[in-house]
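All remarks here apply to the structure that follows.
The values are calculated or read from the model by the stated rules, or taken from the named source; none is laboratory data. From a predicted model like this one, the values you see are computed outputs, not experimental measurements. With ideal geometry, Cβ positions are generated from the backbone for all residues, glycine too; neighbour counts draw on all protein chains shown. In case anyone asks, the SASA skips ligands and DNA or RNA and just uses the protein heavy atoms, side chains included. Shrake-Rupley method; radii C 1.70, N 1.55, O 1.52, S 1.80 Å.
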Amino acid sequence: MTPRAERWPAVLQNQGLRATSRGGHTVIYEAVRAQLDPPLGSILRPFNRMRARRNEVEYRSSPL
């Protein structure tokens, strides 16, 4: 079964942890990666690339 990114906060909540707005998705990814790499590092890495690309596109500063 491939881990789905929207379930990652549940992994943290199961341990009594809660994601906040500070650090956003980066913090969630890093916390899950710290716990699941290995053995799931090769499966998790594409999610980080997609997260970084989405962030780059969504928050790119627009010229005035």
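Residues of segment 16-59: accessible area per residue at 1.4 Å, in Å²?
Per-residue value: 76 Å².
Under the rule of -39500 (n - 2.57) per DSSP H run of 4 or more residues, summed and divided by the residues of the chain, what mean residue ellipticity at 222 nm is obtained, to the nearest 500 deg cm²/dmol?
The helix contribution divided over the chain gives -18500 deg cm²/dmol.
Summarise the accessible area of the chain (1.4 Å probe, protein heavy atoms) by the percent that is carbon and sulfur.
54
Mind ranking 23-33, 47-57 by how tightly packed they are, going by the mean number of other C-beta atoms within 10 angstrom, highest first? Write out the running numbers ahead of the final one.
Values: 23-33: 15.7, 47-57: 12.2.
Ranked by mean Cβ neighbours within 10 Å, highest first: 23-33, 47-57.
Could you tell me the largest-minus-smallest coordinate of the C-alpha atoms of the chain on each of the three principal axes, in descending order and whole angstroms?
Principal axes ranked by extent give 44, 25, 17 Å for the Cα atoms.
By how many nm would the segment from VAL57 to ILE43 lengthen if fully extended, with 0.36 nm per residue of separation less the alpha-carbon distance?
2.7 nm
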